[in-house]
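The values are calculated or read from the model by the stated rules, or taken from the named source; none is laboratory data. Values in this document were obtained by computation on a predicted structure and should not be read as measured data. All Cβ positions, even for glycine, are placed from backbone atoms using ideal geometry, and neighbour counts span all protein chains on display. These accessible areas exclude ligands, DNA and RNA; they are computed on the full protein's heavy atoms, side chains included. Shrake-Rupley method; radii C 1.70, N 1.55, O 1.52, S 1.80 Å.
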Amino acid sequence: PPPANAGRAPGPPDGGWGWVVVLGAFVSIGFAYAFPKGLAIFFKEIQDFFGTSYSEIAWVSSIMLATTYGAGPISSILVNRYGSRPVVMFGGLLCGIGMVSASFCTSILQLYICVGFITGFGLALNLQPSVIIIGKYFLKRRPIANGLAMAGSPVMLCTLAPLNQFLFDNFGWRGSFLILGAILLNCCVAGALFRPIGAATASVKTQETEEGKDALKEEIAKDAMEMNRPTDVPMETEVEEEGGKDCCEKVNQYLDFSLFKHRGFLIYLIGNVLMFLGFFAPIVFLAPYAKHTGIDEYSSAFLLSILAIVDMFARPITGIIANSKWVRPRIQYFFSFSITFNGTCHLLCPLASGYTGLVIYSIFFGLAFGMVCAMLFETLMDLVGAARFTSAVGLVTIVECCTILLGPPIGGTLIDTFGDYKYMFIKCGAVMVLAGTFLFIMNYYNYRMLAKEEKERKAKEEDPKSVRTENEGRNNWNKENAQDGPELEPLSEERELKKEVNGT
């Protein structure tokens, strides 16, 4: 007979080829997060070239980030349909096409389309599949794996910040965009490392990992077909029922909209939507702010490198701490603290005087930013579970894209209005402190409710009345089975046959 787990996806190996997948995710996630921030090096020169304002040039990064997050549901649907490997490789190709096209742009509107939409959509096809496949390869070591993969963002930012300045000095912003388009094609190589761990087959065909056993495969597929298909329902009827499904049911196969009834998911969503109003703007305007205070270009770009170096170490260390037995049961509190700490750094930034003050701000900002990013998806998976995580990522990113889109332009508008960067930092800090406080209070409420529900469930199981009712139902079910005869007891028949055979 076929094994009991035939047709099921194997469990997470928590190692082996999974570490190669983490390496691919390191590259893919690194480009997805760091590339929009690294482009801030070119903003001052592009602004002078096209004669635009701070808020207009900030829309380039905003559209790219919003597209990266807003295309999350599309990315999740494609991953569910085709798997992570082809989606990431196609995304890398789109990134290269977008940046090469941007090098020939003659207006700011064309930059919005090429850099913002095309490259942003390619980065979206890199981000979600990379996060999703880590959840399939790891379970016990998942926080550590996520922390290592998320460390790709600061490593890439640390590399891209000085590299972009070097490219600009030697090739101008057009030549730099052309070279960056070629560099982004490395996402295709990273996607090639995402070997599928196994398909969770809800269909009739079962995919076996053993090679060279074609006959056994055919038998298992045939047995699974007989077990899954009732004999009295013709195939034509099932095809008609499948064709009769409306559009909502088909979409719900890929995106689980019942998550909007999940209390923990809604708390996470509201807190993150508020947080992203002030999450990316300080990074986008850090280098321009340094140039505005009279610091030279390379020293301004080096601030991003300092931030990235600290961020590089903060993410895996945060993953190790989050995986500890003291923090992991209450990881939502740790996430709330990280967001509040991040906002406090922005509130204190206007007090920094001179280049030394900005270096200190960059160190603390890199630490806080790395803590948030390392747990951004881990906390979501902790709330909804690995089975619903793909849909959750898609739904979260489409809702968050609105505030991601508005964050940097609002900061640019404040700079244009007051002629000072400090109001932008104060706005971002206040919003993030508010988001962290909200998440802390609501997660405390959620933990209390979960403990109460668990206590009620145990009390219900221990109630003698409910136990008596269950026993009566079980006895009635056994009586019905006995009356129905041997058709519902195939196992007992098999045992009798084996006894007879052994006896002869």
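Take residue 161 and tell me if it is among the small types (Gly, Ala, Ser), closer than 30 Å to residue 375 by Cα and modelled with pLDDT under 85.
Spelling it out, residue 161 is indeed among the small types (Gly, Ala, Ser), closer than 30 Å to residue 375 by Cα and modelled with pLDDT under 85.
Conditions tested, residue by residue: (1) touching a Cys at 6+ places or on another chain (Cβ under 7 Å); (2) open to solvent by less than 40 Å² (accessible area, probe 1.4 Å).
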| position | (1), (2) |
| --- | --- |
| 353 | no, no |
| 365 | yes, yes |
| 380 | no, yes |
| 389 | no, yes |
| 402 | no, no |
| 432 | no, yes |
| 439 | no, yes |
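Could you say which residue among 148, 157, 139, 167 is of a type in the set (A, V, I, L, M) and without any contact (Cβ under 8 Å) to a residue 24 or more places away in the chain? Steps first, please.
Working: 148 fails: without any contact (Cβ under 8 Å) to a residue 24 or more places away in the chain; 157 fails: without any contact (Cβ under 8 Å) to a residue 24 or more places away in the chain; 139 fails: without any contact (Cβ under 8 Å) to a residue 24 or more places away in the chain.
Just one listed residue meets the conditions, 167.
Picking from 298, 268, which residue would you name as being assigned to a helix (DSSP H, G or I), open to solvent by less than 50 Å² (accessible area, probe 1.4 Å), assigned by the TED database to the domain that holds residue 408 and not hydrophobic (A, V, I, L, M, F, W, C)?
Just one listed residue meets the conditions, 268.
Can you tell me how many residues within the range 320-341 are out of contact with any Pro (no Cβ under 9 Å at 6 or more places or on another chain) and either part of a helix (DSSP H, G or I) or of a type in the set (Phe, Trp, Tyr) (or both)?
Summing the residues that are out of contact with any Pro (no Cβ under 9 Å at 6 or more places or on another chain) and either part of a helix (DSSP H, G or I) or of a type in the set (Phe, Trp, Tyr) (or both) in the range 320-341 gives 13.
Do any residues in the range 43-59 that are touching a residue at least 24 places away in the same chain (Cβ under 8 Å) and in a helix (DSSP H, G or I) have Cβ atoms under 6 Å from those of residues that are open to solvent by 50 Å² or more (accessible area, probe 1.4 Å) and not aliphatic (A, V, I, L, M), where the two are at least six apart or on different chains, and which pairs are they?
Hits for this filter: 54/416; 55/413; 55/416.
Just name the residue that is least open to solvent (accessible area, probe 1.4 Å) out of those in the range 409-430 that are part of a helix (DSSP H, G or I) and among the aromatic types (Phe, Trp, Tyr).
Our first condition is that a residue be part of a helix (DSSP H, G or I); within the range 409-430, this holds for 409-418, 422-430.
Narrowing the set further to residues that are among the aromatic types (Phe, Trp, Tyr) leaves 418, 423, 425.
Details: 418: 116, 423: 92, 425: 2 Å².
So the residue we want is 425.
Given the criteria among the small types (Gly, Ala, Ser) and either surrounded by fewer than 23 Cβ atoms within 10 Å (Cβ to Cβ) or more than 26 Å from residue 411 (Cα to Cα) (or both), does residue 91 qualify? Steps first, answer last, please.
On the way: among the small types (Gly, Ala, Ser): yes; either surrounded by fewer than 23 Cβ atoms within 10 Å (Cβ to Cβ) or more than 26 Å from residue 411 (Cα to Cα) (or both): yes.
Yes.
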